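*Asks:* A single structure is presented below for examination.
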Amino acid sequence: MATRGFTGRRPPETTRERLPPGQHLTDDFPVLQIGPNPPVDLATWRFTLREGARPIRSWTWDEFGALPRTRWGGDIHCVTKWSKFDTAWEGVSFDDLMAAAGIAAPTDFLLAEGYDDYTTNVPVADLVGGKGMVATHYDGRPIPPDHGGPARLLVPHLYFWKSAKWVKGLRFTQKDEAGFWELRGYHMYGDPWREQRFDGD
Amino acid sequence: MTEPPPPLPWTAWREATITAVAPITPRVKSFRLAVDFADSVRAGQHVDVRLTAEDGYQAQRSYSIASAPDGSGTIELMIEALPGGEVSGFFAEVAAVGDAIELRGPIGGAFVWGPEDGGPLLLVGGGSGIVPLLAMLRLRARVAPEIPCRLIYAVRTRAEAIALAELEARARDEPGFGLSLLTTREGAARRIDADAVAGALAGLGDPARVFVCGSNPFVAAASELLLAAGIAPARIRTERFGG
Ligand SMILES: Cc1cc2nc3c(=O)[nH]c(=O)nc-3n(C[C@H](O)[C@H](O)[C@H](O)COP(=O)(O)OP(=O)(O)OC[C@H]3O[C@@H](n4cnc5c(N)ncnc54)[C@H](O)[C@@H]3O)c2cc1C
């Protein structure tokens, strides 16, 4: 059904090709979060891998900084409908984290956990093979707190709520467990190209 | 006899007819839309609106719901016309009573308040960020007027304040409710600051729930002030409209 009198402001074709359905391009970097930025102190910062409640491996900030580095550049898509093109990130890939911990992923799913007690679920298959990282730098600089610094998950092929801010660890789970937004009706997987915003999309 | 069709899930797109349009400030219009989910809206939630051009091109945006369930079978949206705004411009210039608008909702499970969440309740809004807070005020007045509540509302000028007459009437008539209006570009030209937060807290006590809504910079600044005033982060919920 066409909306009476709506013509719209179409972006150029080159932009439209890169925009998933329902998204529009922004030049600034909007912020989506449920509350204030949590205080995160690098002196006590830890990044911990867990299987259920059991810690597998933990790194301090300095130890984390010594892990192999990975860069990724490309487009990101937020469920609140903005997309941002050509973003540049740097951090530690999920593959390198597993290698540093000396393990293979113990289960097929995990929950990323933030210092604000936010959680979000991501299948391991969406992190391996260079698909996900724990990013510490954006645009060549440490990620500012508004954008999830000192470290955030980066899973850019899914809606950006999956890229948990202020991440403090990854908890492997036996099955695909819903995180904060997923418990509130957001999609368990969140593929922007299939416009999986909400449960049932 | 035919059974009524089962209700659509909240994620289903549906056509809602505009039943009323009213200017409320020079840049903001109120829209009433008939929807089948009006009675299930929780204060603070929003809808997603989808506009479609003749050639199939679509644009989607989110708009907060200003109304609390009131038995009218409608929801109220308040949309500010932004310069060059693709969707807000359509609402400002084209949308009229009788038009069908595609939307879905109600959406949102973090930025919501109900009487079961209790109080005291502190609301902090900047500009059009008042919209979801208005739904909370309207709900509170109807179902839980005993819950103490303060609103800090920052606007450029009084003329640009949304629902100012309603807010001032509530502040006058509702014993548990207080309003601090800050005008940033007229009179004392005051932005939200530590004094404004302290003033609201003095009359309210320690808030159990705090909701902050507005533009990105406003929400960032207000959140810092609330944390500095000693409010536990877990009690603060934020919603950012953009900008
Ligand atoms: C959960 C949620 C609830 C919202 N509720 C409301 C509401 O109740 N009322 C309301 O008026 N808006 C609300 N918004 C904002 C709304 O979704 C749109 O972003 C806004 O109407 C602009 O869309 P547009 O198509 O008109 O502008 P666009 O064509 O997308 O942008 C036009 C210009 O305005 C800038 N811009 C975009 N958004 C904003 C903004 N919010 N403030 C300042 N500049 C901006 C852009 O950078 C651009 O330069 C809400 C947003 C969210 C995420």
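What follows is calculated from the coordinates using simple rules that are stated; it is not laboratory data. This one's a predicted model, so the numbers in the text were calculated from it and none came from an experiment. Cβ sites come from the backbone with ideal geometry, for glycine too, and all protein chains shown count toward neighbours.
*Asks:* Using a cut-off of under 12 Å, list every residue of the range A:114-138 whose amide N is near the label point 7 Å from the Cα of B:Ala110 along the Cα-to-beta-carbon line.
*Replies:* A:114-120
*Asks:* Gain in length, B:Ser215 to B:Glu186, computed as 0.36 nm per residue apart minus the alpha-carbon separation, to one decimal in nm?
*Replies:* 8.5 nm
*Asks:* Further, regarding this structure: Give, in whole angstrom and from largest to smallest, the semi-axes √(5λ) of the equivalent ellipsoid of the range B:180-243, with λ running over the eigenvalues of the Cα gyration tensor.
*Replies:* Its equivalent ellipsoid spans semi-axes of 19, 16, 9 Å.
*Asks:* How would A:Tyr159, A:Tyr118 line up from fewest to most surrounding beta-carbon atoms within 10 angstrom?
*Replies:* The order, fewest Cβ neighbours first, is A:Tyr118, A:Tyr159.
*Asks:* Here's a follow-up. May I ask for the equivalent-ellipsoid semi-axes of the range B:14-107, computed as the square root of five times each C-alpha gyration tensor eigenvalue and listed largest first in whole Å?
*Replies:* Over the Cα atoms of the range B:14-107, the semi-axes work out to 20, 15, 12 Å.
*Asks:* Here is a follow-up. Taking the Cα centroid of the range B:159-219 and of the range B:68-108, what is the distance between the two, rounded to the nearest whole Å?
*Replies:* Taking the Cα centre of each part, the range B:159-219 and the range B:68-108 sit 25 Å apart.
*Asks:* Let me ask something else. Could you give the nm distance between label points at A:Phe85 and A:Arg16, where each point is 7 Å from its Cα heading toward the beta carbon?
*Replies:* The modelled label-to-label distance comes out at 1.4 nm.
*Asks:* Another one. Under Stokes-Einstein, with the Kirkwood radius over Cα pairs standing in for Rh, what whole-number D in µm²/s applies to chain A at 4 °C and 1.567 mPa s?
*Replies:* Calculated translational D: 74 µm²/s.
*Asks:* Further, regarding this structure: So what's the range A:1-99 giving for Cα Rg divided by 2.2 N^0.38 Å, two decimals?
*Replies:* 1.56
*Asks:* Let me ask something else about it. Could the peptides B:30-40, B:116-126, A:43-53 be put in order, highest first, of the mean number of other beta-carbon atoms found within 10 Å of their residues?
*Replies:* B:116-126, B:30-40, A:43-53
*Asks:* What translational D, rounded to a whole number of µm²/s, comes out for the protein assembly as shown from Stokes-Einstein when the hydrodynamic radius is the Kirkwood one over Cα pairs, at 4 °C and 1.567 mPa s?
*Replies:* 56 µm²/s
*Asks:* For A:Tyr189 and A:Asp27, compute 0.36 nm times the residue count separating them, minus their Cα-Cα distance, and round to one decimal in nm.
*Replies:* 55.7 nm is the gain from fully extending A:Tyr189 to A:Asp27.
*Asks:* Here is a follow-up. Expressed as a whole percent, how much of the Cα-Cα distance distribution for the range B:64-177 exceeds 21 Å?
*Replies:* 43 percent
*Asks:* Between B:Glu3 and B:Arg172, what FRET efficiency comes out of the Förster formula 1/(1 + (r/R0)^6) with R0 = 45 Å and r the beta carbon distance, rounded to 0.05?
*Replies:* 0.40
*Asks:* Sort A:Tyr115, B:Tyr57 so that the residue with the fewest other Cβ atoms within 10 Å of its own Cβ comes first and the one with the most comes last.
*Replies:* Least to most surrounded, the residues fall as B:Tyr57, A:Tyr115.
*Asks:* If amide H atoms are built 1.01 Å from N in the plane of the peptide, which residues on other chains or at least 5 residues away come under 5 Å of the amide H of B:Asp99?
*Replies:* B:Ile18
*Asks:* Would you mind listing how long the range B:115-240 runs along its three principal axes, going by Cα atoms, in whole Å with the largest first?
*Replies:* Each principal axis gives a Cα extent; for the range B:115-240 these are 36, 31, 25 Å.
*Asks:* Near B:Asp55, within a Cβ-to-Cβ distance under 14 Å, what is the net charge of the other residues, with Lys and Arg +1 and Asp and Glu -1?
*Replies:* Charge balance in the 14 Å sphere: +1.
*Asks:* Compute the FRET efficiency between B:Gln58 and A:Arg57 as 1/(1 + (r/R0)^6), taking r as their Cβ-Cβ distance and R0 = 45 Å, and round to the nearest 0.05.
*Replies:* That gives a FRET efficiency of 0.45.
*Asks:* Let me ask something additional. In the protein assembly as shown, what is the count of Lys pairs whose alpha carbons are under 24 Å apart, counting only pairs at least 8 residues apart or on separate chains?
*Replies:* 13
*Asks:* To continue, here is another question. Considering all projection directions equally, how large on average is the shadow of the alpha-carbon convex hull of chain B, in square nanometres?
*Replies:* 14.7 nm²
*Asks:* Kindly work out what percent of the DSSP beta bridges joining two residues of the protein assembly as shown are antiparallel, to the nearest 5.
*Replies:* 70 percent
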